[in-house]
1. Would you say residue 102 is buried (at least 17 other Cβ atoms within 10 Å of the Cβ), assigned to a loop (DSSP other than H, G, I, E, B) and touching a strand residue (DSSP E or B) at 6+ places or on another chain (Cβ under 6 Å)?
2. Mind listing whichever residues of region 168-185 are within 20 Å of residue 329 (Cα to Cα), touching a residue at least 24 places away in the same chain (Cβ under 8 Å) and open to solvent by 30 Å² or more (accessible area, probe 1.4 Å)?
3. Looking at 124, 153, 171, which one is out of contact with any strand residue (DSSP E or B) (no Cβ under 6 Å at 6 or more places or on another chain) and of a type in the set (A, V, I, L, M)?
4. Taking the condition among the basic types (Lys, Arg) and out of contact with any helix residue (DSSP H, G or I) (no Cβ under 6 Å at 6 or more places or on another chain), does residue 195 pass?
5. Within the group 14, 55, 102, 86, which residue is at pLDDT 90 or above, over 22 Å from the mean Cα position of the chain (by Cα) and within 20 Å of residue 178 (Cβ to Cβ)?
6. Would you kindly identify the strands (runs of 3 or more DSSP E) lying entirely within region 299-375 that contain at least 3 residues that are surrounded by 11 or more Cβ atoms within 10 Å (Cβ to Cβ) and without any contact (Cβ under 8 Å) to a residue 60 or more places away in the chain?
7. Of all strands (runs of 3 or more DSSP E) completely enclosed by region 176-274, which ones contain at least 3 residues that are among the aliphatic types (A, V, I, L, M) and closer than 30 Å to residue 87 by Cβ?
8. For region 55-71, give me each residue that is under 17 Å from residue 2 (Cα atoms) and hydrophobic (A, V, I, L, M, F, W, C).
Amino acid sequence: MLVKLTLLNKRDNKIIENFIYFEESGDDGDTYDYSPPIIDNRAITQISDEDVEIKNGTLVKLMKLKGVIHSSNSLEEREKYIFNGKTPYELRIELDNSNNIKFHIEIENNSKDHRIRVIANTGLTSNTSIADTPFGTIERESNPISLKNWKELKWKEEPTPIYPFINFVSLRSKEGAMSILAKGIKEYEIIENNKISLTLFRSIGFLGKPDLIRRPGVASGQEFKYIETPDSQLLKKMIFKFAIRFDKEYNSNIIKREYQKYAVSTLDYQIQELNRFTNTLKYFVMHPLKTKLNRFNNLINLDSSSLSFSAIVPIDENSYVLRLVNTCERIETTTINIEFGSNYERVNMLYEKIGENSKIKAGKIALKDIKPGEVINLKIYR
């Protein structure tokens with residue numbers, strides 16, 4: 001039996017029906033571009049409740065659902081309305097104290113020439129979306145005007161609103177914002193101005209194909225020869241992870257920080273000591289450090305900062321460079337907490353000095369009037 005997942009946002013008592021579901025469609029494209037087949041028969045797959053497991057813990061709440069996405073085994077079968085292909089999936093939804101709804105999807109693809117996307121209903125309406133770039137964000141139209149007349153303009157390819165992103169994509173309105181933080185998923189499309197669709201995978205069999213609906217003319221990649229790529233049919237088991245969060249207002253610096261908390265795991269390593277009576281050598285040989293390291297709890301604390309963390313680069317034993325960026329659309333003034341450092345100076349991307357050397361007072365560095373898109377490099381000394 002298929003059901004619709006309903007989300008109750010307890011913060012503002014707002015209900016979003018049909019919150020998450022799958023979309024299965026044919027894919028007549030190549031490894032460069034998605035292109036729908038002449039007869040698409042796109043199918044919406046609701047979540048199955050045939051196999052449901054719920055764990056209501058004190059710290060973590062987990063819902064596990066198993067089901068099957070029906071598909072055609074080929075484009076020829078799709079044209080004949082034959083849907084004998086079965087793509088089993090397992091969807092895990094997790095709640096904890098992070099204000100993120102975490103999703104873990106395992107899919108075993110058994111069909112060719114199709115595309116599967118997961119669609120999230122935002123409960124908001126906007127004709128633009130916002131996605132992150134290496135040092136900022138970009139706002140894009142969800143339904144560009146050129147979609148209607150690109151052939152009359154003699155464009156080589158349809159300007160499809162299927163867009164790339166790096167870490168997060170957001171939809172915002174006067175009512176708030178919803179953002180998707182993704183681990184490895186890199187493509188999205190806004191549907192009906194209120195839904196974010198993520199491309200989980202595309203199953204295709206050629207490097208380049210000519211005369212696609214979205215790209216008429218010669219094939220991409222190799223103009224005079226078909227090159228089969230059977231491995232790109234992705235007939236295997238795949239895992240996808242992403243999280244969804246709701247905010248009262250959109251702030252790209254906060255969203256990027258939340259993505260880093262979600263996606264970046266804390267590094268740790270256990271030094272293994274074996275029984276030296278039976279094993280004279282350690283299983284992992286580790287050479288002791290020549291110099292003793294100082295112990296400290298935190299290097300930097302950016303919880304109170306309104307800037308986004310970009311990188312930290314060790315320069316030598318006595319200094320490191322902290323790189324921050326203002327991804328917001330407004331000028332920011334902020335303070336960062338430094339727990340390892342006595343003084344600092346501004347440097348450029350080549351680590352060349354561009355500012356005066358200043359003392360770190362009470363473990364804090366004040367930064368004023370940081371412009372939108374501005375990158376700040378601080379060289380911090382012990």
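The values are calculated or read from the model by the stated rules, or taken from the named source; none is laboratory data. Predicted, not measured: the structure shown is a model, and the values here were computed from it. Glycine gets a Cβ as well: all are built from the backbone with ideal geometry, and neighbour counts include every protein chain shown. These accessible areas exclude ligands, DNA and RNA; they are computed on the full protein's heavy atoms, side chains included. Shrake-Rupley method; radii C 1.70, N 1.55, O 1.52, S 1.80 Å.
1. In short, no.
2. 172, 173, 175, listed by residue number.
3. Values: 124 fails: out of contact with any strand residue (DSSP E or B) (no Cβ under 6 Å at 6 or more places or on another chain); 171 fails: out of contact with any strand residue (DSSP E or B) (no Cβ under 6 Å at 6 or more places or on another chain).
The conditions single out 153.
4. The answer is yes for residue 195.
5. One residue alone meets the criteria, 14.
6. Details: elements: 308-316, 319-325, 332-338, 343-347, 364-370.
Ranges flagged: 308-316, 319-325, 332-338, 343-347.
7. 176-183, 195-203, 237-247
8. 63, 65, 68, 69
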